[in-house]
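Heads up: the structure comes next, in structure tokens.
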Amino acid sequence: MTTPKQDAARAAVLREQLNYHNYRYYVLDDPEIPDAEYDRLLRELQGLEEKHPELVAPDSPTQRVGAAPLAEFGKVRREIPMLSLANAYNEEELADFDRRVREGLEAESVEYNAEPKMDGVAVSLIYRDGVFMQGATRGDGTTGEDITSNLRTIRAIPLRLFGGGWPSGLEVRGEVYLPKESFEALNAEAIRRGEKLFANPRNAAAGSLRQLDPRITAARRLDIFCYGVGKVAGGALPDRQHQVLERLQSWGFPVCPEQTVVQGADGCAAYYRGMQARRDGLPYEIDGVVFKGNGVREQERLGFVARAPRWAVACKFPPKEETTLLKAIEFQVGRTGALTPVARLEPVRVGGVTVTNATLHNMAMVERMDLRPGDTVIVRRAGDVIPQVMGMVESRRPDPLPEPFRAPEQCPVCGSAVVRPEGEVVAHCSGGLYCPAQRKQAIHHFAARRAMDIDGLGEKLIDQLVERGLVESPADLYGLTREQLAALDRMAEKSAANLHAAIEKSKQTTLARFLYSLGIPEVGEATAQQLADEFGDLDAVMAANEERLQQAPDVGPVVAGHIAGFFREPHNRAVIERLRESGVHWPAPERAPAVRPLVGQTFVLTGTLESMTRDEAKERLQRLGAKVAGSVSAKTSCVVAGAEAGSKLVKAQELGVPVLDEARFLDLLHEYA
Ligand code: IVH
């Protein structure tokens, strides 16, 4: 047992260590300990604070997550307003800025601190005696919103400053941003779900910061770079911008590593060009660079015009997003049959490149954005990524508005029906065996080792067979002659003969392999096996409706929709017919498959069986129609307990679930054999 005094002392040590490791990780990018060790220290501190709630301090690293949601944000007034920057859009305007500064200072050449212009959200952070007290958005400059709880979740923000010599009252300003990787991940997830996209990292950062529930902010992986100070009391800072930033960094504030001192207009122009060239390779988004007269005394002499300082300028880069007219929506069919909607656009320059097409990701996104030809859309081009349509400008909709856009009912490549089971984000062409867009992939999949296992039929050969028009569907493989094979590039007589024999040999297969080889979306090996077990023969699978298909274990509505859609397609039925005519066959089922006495029952296997492995037991149960689950619940119908059964057996007894020992389990299997 520890005394409260010992606990308090330990908590103080932990807080200090955690703050230090946080700084190493987030500010210096040079962690000293593994993440797991950090988590261990954090958990220890959490434990102590739970035991003694009076130990919870505002600078405790435990306070970064979990604050309760707010009803609304409070207001924060600043003595020194947060201003904006005058813009320059090219080197000429940059030279004009430098000229004005030189004239104002009556200097021949001026030294500037050059900094990336972060594309994020401006915030101010207030520290009292080195402890983070309050953080706010810029708002109208003078009055911002109190987002302290959300800012605490940003691990890069120091909760207590390092070293010493800081002013007792210190307001630091900076830009909260979302790293590109986190932004892409956030949007990729939204695309997968067919949800609304964030148009750019800045919107995503702003949206994440202005969450009334800090737990949402905490999940978003925001970061910050600090670029200046506001009100300073009870202490002084260096008189050069560059040294101010160095000082801030030494106290634990993250400062952009790209900031540097440059001399005169030429130095500015070189930095501007250099950063523009490196822009796409940076892990965060920047929309320009900022030049600030380096001397603080000189800054004071120059003063302000309107709401911007005379001593600083933002030199902007070409934007990464633009708006343009959506002329049409067309569809591309991928190798897997997925239909990707593509926007045909009025050509527009984005980030220095002309964009005429952009991806719309999937049909769910088109519906979600309610896009219709004639709409004005926001197009974004990030680095080498394919341009994307991020959203639609509601206030610029065409009048009259065309009917809502619908996915085509037929594949634009092969004319087969398009299927999109309820709840699916992506629409698929159902002509898997027949569609030219899917041809190479379909044949490759058909011939794979776990499918029809045609030894020696690799990707390069498939490419040649398709490109020479010898093979359009898997059924054509069985009509190939030795001579045709020998005429392919890099094929000798002997290898042609081997391949021919391998094709012949593959005719003898199993129903499960055959079903798998068809390449039906969402039907992997396990599902193919379950279908084979459930139905016993191909005609029965082909005739089953979606409801019947769902009686197979693990086949839900989406998978059933794909299977039914595939077999409804006359093109596929024709290919399957030809495959059977060419001699593809499999053994007839051993037993009438319709006897499935355990349908609707869930079994759990535990302990060791002597007469069979657990996998075998599982398979035997599934053949009889049972589901086999991994854990016992009130819904479990029966637990089969072998030797040394443990907690699952205890749970079954607690819940009153029937238990079979091995002998009674074997009796059950024999009864239905
Ligand atoms: S200095 C008086 N430095 O750009 C000086 N601002 O229009 C005011 N920004 O919302 C700002 N990176 O949040 C400065 N390195 C940087 C910056 C930067 C991004 C943002 C800032 C403000 C806007 C200025």
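The values are calculated or read from the model by the stated rules, or taken from the named source; none is laboratory data. Bear in mind the structure is a predicted one, so any value in this text is a computation, not a measurement. Using ideal geometry, Cβ is built from the backbone for each residue, glycine included, and neighbour counts are taken over all protein chains shown.
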Can you give me the ranges of the helices (runs of 4 or more DSSP H) entirely in region 166-220 with at least 3 residues that are in contact with a helix residue (DSSP H, G or I) (Cβ under 7 Å, 6 or more places away or on another chain), closer than 30 Å to VAL290 by Cα and not small (Gly, Ala, Ser)?
-> 180-193
Scan (1) within 18 Å of the chain's Cα centre (by Cα); (2) at positive phi for the single condition GLU189 breaks and write down its number.
-> (2)
Does GLU483 satisfy the criteria of being surrounded by fewer than 17 Cβ atoms within 10 Å (Cβ to Cβ), in a helix (DSSP H, G or I) and either on the phi > 0 side of the Ramachandran plot or not basic (Lys, Arg) (or both)?
-> yes
Would you mind listing the strands (runs of 3 or more DSSP E) fully within region 296-384 where at least 1 residues are within 16 Å of the ligand (Cβ to nearest atom) and not charged (D, E, K, R)?
-> 312-316
Scan region 209-228 for residues that are more than 14 Å from the ligand (Cβ to nearest atom) and within 26 Å of THR142 (Cβ to Cβ) and jot them down.
-> ARG210, GLN211, LEU212, PRO214, THR217, LEU222
Is at least one residue of region 257-275 within 28 Å of the chain's Cα centre (by Cα), not basic (Lys, Arg) and not in a loop (DSSP other than H, G, I, E, B)?
-> yes
Residue check: is GLN551 among the polar types (S, T, N, Q), over 19 Å from LEU579 (Cα atoms) and assigned to a helix (DSSP H, G or I)?
-> no
LEU209, sole failed condition from (1) in contact with a strand residue (DSSP E or B) (Cβ under 6 Å, 6 or more places away or on another chain); (2) within 13 Å of ALA382 (Cβ to Cβ) = (2)
Here is a list of conditions, (1) within 15 Å of the ligand (Cβ to nearest atom); (2) assigned to a loop (DSSP other than H, G, I, E, B); (3) polar (S, T, N, Q), and SER109 meets all of them except one; can you say which number that is?
-> (1)
Is there a residue in region 11-21 that is surrounded by fewer than 12 Cβ atoms within 10 Å (Cβ to Cβ) and farther than 30 Å from GLU246 by Cβ?
-> no
Mind listing whichever residues of region 630-652 are surrounded by 15 or more Cβ atoms within 10 Å (Cβ to Cβ), out of contact with any Phe, Trp or Tyr (no Cβ under 6 Å at 6 or more places or on another chain) and either under 24 Å from TYR672 (Cα atoms) or modelled with pLDDT of 90 or more (or both)?
-> VAL632, THR636, SER637, VAL639, ALA641, GLY642, LYS648, LEU649, LYS651, ALA652
Quick one: in region 212-228, of everything that is of a type in the set (A, V, I, L, M, F, W, C) and touching a strand residue (DSSP E or B) at 6+ places or on another chain (Cβ under 6 Å), which residue is surrounded by the most Cβ atoms within 10 Å (Cβ to Cβ)?
-> ILE224
Going through region 510-527 in order, the residues found to be of a type in the set (A, V, I, L, M, F, W, C), part of a loop (DSSP other than H, G, I, E, B) and surrounded by fewer than 22 Cβ atoms within 10 Å (Cβ to Cβ) are VAL523
Residue check, GLU258 away from the ligand (no atom under 13 Å from the Cβ) and at pLDDT 95 or above | no
Do you know which residues across region 492-509 are modelled with pLDDT of 95 or more and not in a helix (DSSP H, G or I)?
-> SER506, LYS507, GLN508, THR509
Please name all residue pairs, on different chains or six or more residues apart, with Cβ atoms under 6 Å, provided the first residue is in region 370-386 and is farther than 22 Å from PRO398 by Cβ and the second residue is polar (S, T, N, Q) and surrounded by fewer than 19 Cβ atoms within 10 Å (Cβ to Cβ).
-> ILE386/THR359
Report whether or not GLU195 is acidic (Asp, Glu) and over 18 Å from the mean Cα position of the chain (by Cα).
-> no
With the condition kept exactly as written, say whether any residue in region 436-449 is within 24 Å of LEU197 (Cβ to Cβ) and surrounded by fewer than 18 Cβ atoms within 10 Å (Cβ to Cβ).
-> no
Being outside any helix (DSSP H, G or I) and more than 13 Å from the ligand (Cβ to nearest atom) narrows it down to one of LYS231, LYS292, so name that one.
-> LYS231
Region 74-98 residues that are away from the ligand (no atom under 16 Å from the Cβ), paired with ones that are assigned to a loop (DSSP other than H, G, I, E, B) and at pLDDT 95 or above (beta carbon under 8 Å, 6 or more apart) = ASP98/VAL110
Among GLY374, GLY293, GLY383, GLY274, which is surrounded by fewer than 17 Cβ atoms within 10 Å (Cβ to Cβ), within 19 Å of LYS117 (Cα to Cα) and at pLDDT 95 or above?
-> GLY274
Strands (runs of 3 or more DSSP E) completely within region 588-659 that count 2 or more residues being farther than 30 Å from THR509 by Cβ | 602-606, 638-641
Give the residues of region 637-673 that are acidic (Asp, Glu) and in contact with an Asp or Glu (Cβ under 9 Å, 6 or more places away or on another chain), sorted by residue number.
-> GLU662
Is there any pair linking a residue in region 271-293 that is more than 18 Å from PRO201 (Cβ to Cβ) and touching a residue at least 60 places away in the same chain (Cβ under 8 Å) to one that is within 13 Å of the ligand (Cβ to nearest atom) and of a type in the set (Asp, Glu), with Cβ under 9 Å and at least six apart or on different chains, and which?
-> PHE291/GLU115; LYS292/GLU115
Look through region 118-168, keep the residues that are within 27 Å of the chain's Cα centre (by Cα) and surrounded by fewer than 22 Cβ atoms within 10 Å (Cβ to Cβ), and return whichever of them is farthest from the ligand (Cβ to nearest atom).
-> ARG155
Kindly indicate whether any position in region 346-363 is touching a Gly at 6+ places or on another chain (Cβ under 8 Å) and surrounded by fewer than 21 Cβ atoms within 10 Å (Cβ to Cβ).
-> no
If PRO238 satisfies every condition in (1) buried (at least 22 other Cβ atoms within 10 Å of the Cβ); (2) free of Cβ contacts under 8 Å to residues at least 60 places away in the same chain but one, which is the exception?
-> (1)
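Listed here are the residues, each with its yes/no results for (1) touching a residue at least 60 places away in the same chain (Cβ under 8 Å); (2) under 13 Å from LEU209 (Cα atoms); (3) assigned to a loop (DSSP other than H, G, I, E, B).
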residue	(1), (2), (3)
TYR127	no, no, no
ASP140	no, no, yes
SER149	yes, yes, no
GLY163	yes, no, yes
Being exposed (fewer than 14 other Cβ atoms within 10 Å of the Cβ), touching an Asp or Glu at 6+ places or on another chain (Cβ under 7 Å) and either at pLDDT below 80 or among the hydrophobic types (A, V, I, L, M, F, W, C) (or both) is the filter here, so list the residues in region 63-97 that pass it.
-> PRO69
